[in-house]
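Below is one structure, written out as structure tokens; the observations come after it.
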Amino acid sequence: MEKRESNKDNVILFPGLEKRLLEKGLGYLKEHKYRDAIQYLEQALEHDPENSDVFVGLALANYEAGNAQQAKEIVAKMLRGGLGDYIQVIDMYLMILVQLNEYNEIVTTIEALLEEREIPAEKHEHFITMLEFAKRMLNGETEMEPFDSFEEEPEEEELNLFDYRNPSDQVMAAAGLAKVNIRPFIKKVREYIASEEGHPFLKTMLLNILKEQEYAEEIPVHKFSWTASFRPDQLPELKEYIETSGVIQLLSDEIESDDPVLFENVQRLIERYFFLVYPFELPLGKAASWAATCHYIANEYYGFEDPLESFAEIYESEVEETEQVLDFIRKLEEISYPII
């Protein structure tokens, strides 16, 4: 009780404290120090409980830290309180629900929006696509129907993947392609995957659709500064691709028994990074360097400042190589896929 009264005194003694806490929290969020970001943003929320910027920052920090359920509760509170731009908040809420596989809630939410005529015209198609996607998932339509014959190629249909700038629109566009014969769109899909412009996240999604539909022709893939050709039907599953690298096994041997929560968080980091890199082999460094770097970054998220060299020593990796991997991962984090 006394601590809470002390916080109130701080507001009187230090006007603008909530603004400084918000700036500090958003700064840590930008630096990917999610534990520190959450700490400062929660304090900011105590002093300014109706600031939508604080809520958004807190939701994103929790989401990135792997606390998707907590992020959902924060955004739900924004909706109940009428905080922030309503449609933007709904969009963020729906994308979190996708991550949590809560398709019933997606259907209920969008159908209520349609009934209340709350959706702007320019967003109508986006929400309808998401609604159809959620209904298909609820109906168990997660497996592709077999394609018996493709002797006759269907007529090329119109599609421009470069038009999708909003991340949620990109996810929904890919989800739509996953449920149809992708061959009518193959020219546009190939152009996107081979281009220097396309987002690596969407390229991975498209490659997985081609793999599921057993597309057997080589396709050029450009990601970051690398270009190579792959046959989608011969690509490994993402889970197998990650396991084959050996990075998770090294981390498991080192930390899983002592700190299972930390190990789970490091796994999430690796899955995020490898999703962006897929299907290329580790672009630089050995598995030990990646394990050391990912352990270091996870440790950093928790607010600790142990030097990178100490993790290189744990995993017996070369310091210079580990530093190169860290530089590369920092670049991956700059373009890592957001939820809004």
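Under a 5 Å amide H cut-off, with hydrogens placed 1.01 Å from N, residue 230 pairs with 219, 221 among residues at least 5 apart or on other chains. When each of the peptides 191-200, 273-282, 78-87 is scored by the mean number of other C-beta atoms lying within 10 Å of its residues, the order from highest to lowest reads 273-282, 191-200, 78-87. With both labels modelled 7 Å from their Cα along Cα-to-Cβ, the residue 302 to residue 112 distance reads 3.8 nm. Under 23 Å of direct C-alpha separation, and excluding same-chain neighbours fewer than eight residues apart, residue 33 reaches these lysines: 19, 24, 72, 331.
Under 25 Å between alpha carbons, and skipping anything fewer than 8 positions from residue 211 in its own chain: which lysines qualify? Cα-Cα hits under 25 Å: 135, 179, 187, 188, 203, 223, 239. For region 282-325, state which chymotrypsin sites (Phe, Trp or Tyr not before Pro) are in a DSSP loop and have at most 11 other beta carbons lying within 10 Å of their beta carbon. Counting only loop positions with at most 11 other Cβ atoms within 10 Å, the chymotrypsin sites (Phe, Trp or Tyr not before Pro) in region 282-325 are 304.
Every read-out reported here was derived from the displayed coordinates using simple, explicitly stated rules and does not represent laboratory data. The structure displayed is predicted, hence computed values, not measured ones. So basically every Cβ, Gly included, is an ideal-geometry build from the backbone, and we count neighbours across all protein chains shown.
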